[in-house]
Amino acid sequence: MTSPIRTERHDDVLVVISDNPPVNALGQAVRAGLKDAIGEALANDSIKAVVIRCDGQTFFAGADITEFGKPPVGPNLPEALDAMEASDKPVVAAIHGTALGGGCEVALACHYRVAVPSAKMGLPEVKLGLIPGAAGTQRLPRLVGAEAALPMVVGGNPISAKKAKEIGLLDKIVGEGSLESDAIAFARSKIGQPVPRASEGTANEDGVRDPDLFDRFRASQARQIRGFDAPNAAIEAVKAAGQLPYADGVKKERELFMKLMTGTQSAAMRHYFFAERAANKIDDVPRDTPLIPIRKVGVIGAGTMGGGISMNFLSAGIPVTILEMAQDALERGTGTMRRNYENTAKRGRMTTEQVENAMSLLTSTLSYDDLADCDLVIEAVYENMDVKKQVFAKLDEVVKQGAILASNTSYLDVDEIATATKRPGYVLGMHFFSPANVMKLLEVVRGKETRHDVLATVMKLAKTIGKVAAVSGVCPGFIGNRMLSKRQEQANALIMEGANYWDVDDVLLEFGFPMGPFQMGDLAGIDIGWHRDPTKVTTIREALCAAGRFGQKNGKGFYDYDEARNRTPSDEVKAIIADFATKEGKEQREISKDEIRERLLYPMVNEGAKILEEGMAQRSSDIDVVWINGYGWPLYTGGPMHWAETIGLDTVVAGLEKYGLPVSDYLKSRAEGGGKF
Ligand code: T1G
């Protein structure tokens, strides 16, 4: 098999080139080829300098993640990089695309780094539950200091070439179209000079001057890194760079890396990395299916959802015409959109020019006729089948043939909605999650007649607007809400049986969710949909509303709230629940947090198994993608289905049986058949 590494001679400079699509991952063949090519270059006296570059879309984008978890095959990256750095001939990294992870570490081991303006550099290992494993945490702080290194290693987000130059990670930004020639010229200019080696630098001089820097940084990241192991390990590794000699720092990094690599969090996050990419593929829709051009989008409804949905397209530069039934609703909706953008700009995540550009693409109207030339129309009107069918019948009449008609319904039957049109092939669900301009998940609900090109178009469009899409079949609640209803059922049952509602919330918070169902209820408002008759009490929520407890909005719901919105459990609520349960003939008892966790989460796994068995999800990893991106399931457990496999499907089955809860035949068969979905 030909090596992915080749060399080209340019007089006294040798260019080492990797051609390993799609992202020049540093797989075994690349590492071996790199090591051999550089070894030969260094041994050849007629070669005075080396340039390393990549063909294709990017410089090395990291280790080959598909090799993880398998027995390592040499040569290992650190050794190859140390040999390269030890050379007295200048070695120059010529960077384009995204030099990530091991790719960034290759660049760090080079003596110099040049890049095109559009290049990015990063150490995203934490996003795989790891830390850099080829001395990145030791070389980077020696080049740029602790303050600049910490966000890169702990946050895992790439930085631009401009930023990299500013902090000293890049030596030169070269021409977008002349990377190789500029890199060769740069290398030649360094011949005969002593070579700079990152490993020989002094790390974290800023951290020495400001010893609180690490604790301050850790505190600033507390919310984002809660529950994750890798970020703290990354901080320790960067800190060690300033405390230990280089070789000892590398040993410390290796020790931290191996502990993470063999842990469940990294296995879960590597699972998610591939799950997110797999979700974008529809097994029976060919990847070369022709796409329908989407040049103009219509949105019906300028409420919270319609406005949020519109913002996704406006931010991606796609014009939107938003329709409402009344002028004041239209103005309220577009006003909210502008305020949302302005708030984003205040947080420095958009420029005012970008806000104006986005809003300039928005047209508002009261007339369906203005939607006639839309390529896609998404309705976000009241969740009522009759209303939706009226809207779709009208759209079918007005909007041009070949346009896609999508419903944002969160649980209604998309096939029934399609019957209101003469184009069922162009009808599907696009279920956004509130706030729609923030939440990454898009459930794409495939009708029984939805065309391949419509599906392929919407899946591609999801990526364009920065969403993670997963395909669901038509069933009540699709994937996410269908499983959520099982958790909610148990949450309500548990507090009726005596569990403290704050324990229910705490169990989910401790598991890694952003909040529990009762905190969520207070946030959204317990009185939403309440009939306002305090004498009519048929549920716990009605009992709380009757007691004037509407949620955070009026300072008391399930919890009591002080001015700073700190929440405390309420004895009054505990008594209201106990009283209601007694009237319902429910015995109250102490219930442990273990029982709460198992009864909240295991029925979700069981429902996920049924969703798989019914073909409502293409694969179990799609269910993980839905729950991580739509409901805050903690990424470091890999999603409900991966988590269940990790703890053992037999454990889930036994738990459900222990509480007398339903166990699907499919889950039982998978538990008995090897424990994988
Ligand atoms: N290893 C193996 N496959 C990879 C890969 C990788 N590092 N990166 C991408 N792929 C596959 C991906 O699964 C998909 O496959 C295809 O390439 C296109 O990817 C030693 C230990 C580079 C920004 O974390 O961030 O280095 O679906 O759809 O949108 O310290 O890929 O086509 O079959 O994402 O253009 C660190 C991960 C590894 C970078 C390109 N590196 N990759 O985005 O394409 S750990 C990373 C990305 C490490 C060292 C440590 C993105 C991208 P398929 P894609 P894209």
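Just so you know, all these numbers are worked out from the coordinates, no wet-lab data involved. Please read all numbers here as calculations on a predicted model, not as lab measurements. Note: ideal-geometry Cβ built from the backbone for every residue, glycine included; neighbour counts use all protein chains shown.
Mind scanning Lys120/Lys162; Lys388/Lys486; Lys610/Lys676; Lys440/Lys463; Lys296/Lys400; Lys593/Lys658 and naming the pairs with a C-alpha gap bigger than 18 Å? Kindly include the intermediate steps, with their values, before the conclusion.
Details: Lys120/Lys162 9 Å; Lys388/Lys486 26 Å; Lys610/Lys676 14 Å; Lys440/Lys463 10 Å; Lys296/Lys400 12 Å; Lys593/Lys658 15 Å.
In this structure, Lys388/Lys486 exceed 18 Å between Cα atoms.
Once the Cβ-Cβ distance between Ser3 and Glu255 is put in as r, and R0 is 25 Å, what FRET efficiency do you end up with, to the nearest 0.05?
Numbers: r = 32 Å, r/R0 = 1.29.
It comes to 0.20.
Using θ = phi - 60° and the Karplus form 6.51 cos²θ - 1.76 cosθ + 1.60, what ³J(HN,Hα) does each residue of segment 602-612 get, whole Hz, x for Gly and Pro?
Here the 3J(HN,Hα) series is 5, x, 5, 5, 4, 5, x, 5, 5, 4, 5 Hz.
Using 7 Å Cα-to-Cβ label points, what is the Glu613/Asp212 separation (nm, one decimal)?
Here the answer is 5.9 nm between the modelled labels.
When the chain is fully extended, how far beyond the present Cα-Cα distance does His10 get from Asn554, taking 0.36 nm per residue of separation? If you can, show how the numbers build up before the last one.
Numbers: separation 544, 0.36 × 544 = 195.84 nm, distance 7.42 nm.
Result for the pair: 188.4 nm of gain on full extension.
How many nm separate the modelled label positions at Ala278 and Thr539, each set 7 Å beyond the Cα in the direction of the Cβ?
It works out to 3.6 nm between the two label points.
Using only DSSP helix segments of four residues or longer, with each worth -39500 (n - 2.57), what per-residue ellipticity at 222 nm results for the chain after dividing by its residue count and rounding to 500? It would help to have the intermediate numbers written out before the result.
Working: 29 runs with 315 residues, N = 677.
Value at 222 nm, helices only: -14000 deg cm²/dmol.
Stokes-Einstein D for the chain at 37 °C, 0.692 mPa s, Kirkwood Rh over Cα pairs, in µm²/s? Please list the in-between numbers first.
Numbers: Rh = 28.0 Å.
Diffusion coefficient, whole number: 117 µm²/s.
Restricting to the chain, compute how many DSSP beta bridges are antiparallel as a %, nearest 5.
30
Measuring from centroid to centroid over Cα atoms, what is the spacing of segment 124-182 and segment 88-111 in Å?
So the two Cα centres are separated by 10 Å.
In segment 401-478, what percentage of the DSSP-assigned beta bridges are antiparallel, given to the nearest 5?
On the way: 4 of 12 bridges.
Given both bridge residues lie in segment 401-478, the antiparallel proportion sits at roughly 35 percent.
Mind listing which trypsin sites (Lys or Arg not before Pro) in segment 511-616 are in a DSSP loop and have 15 or fewer other Cβ atoms within 10 Å? Kindly include the intermediate steps, with their values, before the conclusion.
Numbers: sites: Arg532, Lys536, Arg541, Arg549, Lys553, Lys556, Arg565, Arg567, Lys574, Lys583, Lys586, Arg589, Lys593, Arg597, Arg599, Lys610; in loops: Arg532, Lys536, Arg549, Arg565, Lys586, Arg589.
Within segment 511-616, the qualifying trypsin sites (Lys or Arg not before Pro) (loop, at most 15 other Cβ atoms within 10 Å) are Arg532, Lys536, Arg565, Arg589.
Find, among the GluC sites (Glu not before Pro) in segment 543-604, those assigned to loop by DSSP (not H, G, I, E, B) with at most 13 other beta-carbon atoms within 10 angstrom.
Glu563, Glu584, Glu587, Glu590
Based on alpha-carbon centroids, what's the gap between segment 594-627 and segment 448-511 in Å, whole number please?
Taking the Cα centre of each part, segment 594-627 and segment 448-511 sit 9 Å apart.
Please give the residues of segment 111-144, grouped as numeric ranges, whose backbone N is less than 17 Å from a label point set 7 Å along the Cα-to-Cβ vector of Asp82.
Under 17 Å, as judged by backbone N against the label point of Asp82, lie 133-140 of segment 111-144.
Full-extension gain between His531 and Ala564, please, as 0.36 nm times their residue separation minus the C-alpha to C-alpha distance. Write out the running numbers ahead of the final one.
Values: separation 33, 0.36 × 33 = 11.88 nm, distance 2.98 nm.
Result: 8.9 nm gained on full extension.
Give me the distance between the Cα centres of segment 316-346 and segment 1-52, rounded to whole Å.
So the separation of the two Cα centres works out to 53 Å.
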